[in-house]
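Reviewing the structure listed below.
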Amino acid sequence: MTIRNLIIAALLLLLHSSAWAACDPNRYCMTCLRVEDGKCAEMGHDLFCEEENQSCAVTLRNGTRMFPTNVMATIVPDGVPTTNLAPARIYLRATEIPPPGVAAYGVVAFRAMPTVGTRERLLRVCEAYKAFLPKQRSLPPRISLSDQMLTVWPVDDPDDKGAKNDDCSFVVDHYDLFGGLSAIQDARIQGVTLLGQGPFLIGWSPSKTRGLPDKIVLAIDLSSYNEQSSLNEMFMFWQQKIVQVPTLWRGGFSLEPIRLVIKEFADRYGQDIIDSIKYTKTAQK
């Protein structure tokens, strides 16, 4: 960490306990608008968040610098953009992963095709995936690929109406297994061994770091999560850390920010999450 970042971190720790408000005019304002049966039934724009963004932009234009209360999001490597990446989801064939030009991406990685005993659980995983990540095609045109973090669900025919209609039965039954197995294998090459039944959320930032042994891969093991509510929490973690911590994804993963993000979320949702998150602890910071 540079002297500049150490100074910034010290200032932010001081401001964190003060009454200063968070100010980030580029936050991507999506939230759950409607909950049914313990799961998000409709995603949409958070109008309060968008109003805060407008006020923040005015504040910055007037020359008053307001620092975010989230210290993690402000320790910025030199030269790394601080604008947020837009989280989104997309169905792709295994041969189309990674999508070219995207800033960062993740894969919902199955270890096996659904069986009679696992299919219902995988359908719940799909519902959480849909609930917390907007469709890529719903993003505003102004958001370029270089500003997107895509979470890919591999399917054998993304052009089928089942995939286009977000039919969980279709995308579970037509999962492109090579897309999941190859993601798990590449995570292992990078030092993360995933032993559970899965599925796993595996992410790379930037996208070109996949499979490189000296780079960090981040993975969430969903093996122990069966209920819709717990799966929702894990996808909410995935979504929120994309939205709220742009520097974690913008400049490539580094160990200390990942540890701080995990601790922050565990303090709110419990310590079990720590055992579910895997990353390359021996990689370079």
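Taken together, the values in this text are just the output of simple stated rules run on the coordinates, not laboratory data. Keep in mind that this is a model prediction, so the values were computed, not measured. Using ideal geometry, Cβ is built from the backbone for each residue, glycine included, and neighbour counts are taken over all protein chains shown.
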Query raised in the report: Along segment 143-156, what does the Karplus equation 6.51 cos²θ - 1.76 cosθ + 1.60 (θ = phi - 60°) give for ³J(HN,Hα), rounded to whole Hz, x for Gly and Pro?
Result: 8, 6, 4, 5, 10, 10, 10, 9, 9, 9, 9, x, 9, 6
Report task. Using amide H atoms built 1.01 Å from N in the peptide plane, name the residues 5+ places from residue 194, or on other chains, whose amide H lies under 5 Å from its own. Result -> none
Query raised in the report: What is the calculated FRET efficiency for residue 226 to residue 178, with r their C-beta to C-beta distance and R₀ = 25 Å, to the nearest 0.05?
Result: 0.45
Query raised in the report: Taking Rh as the Kirkwood radius computed over C-alpha pairs, what is the Stokes-Einstein D of segment 176-236 at 37 °C in a medium of viscosity 0.692 mPa s, expressed in µm² per second?
Result: 268
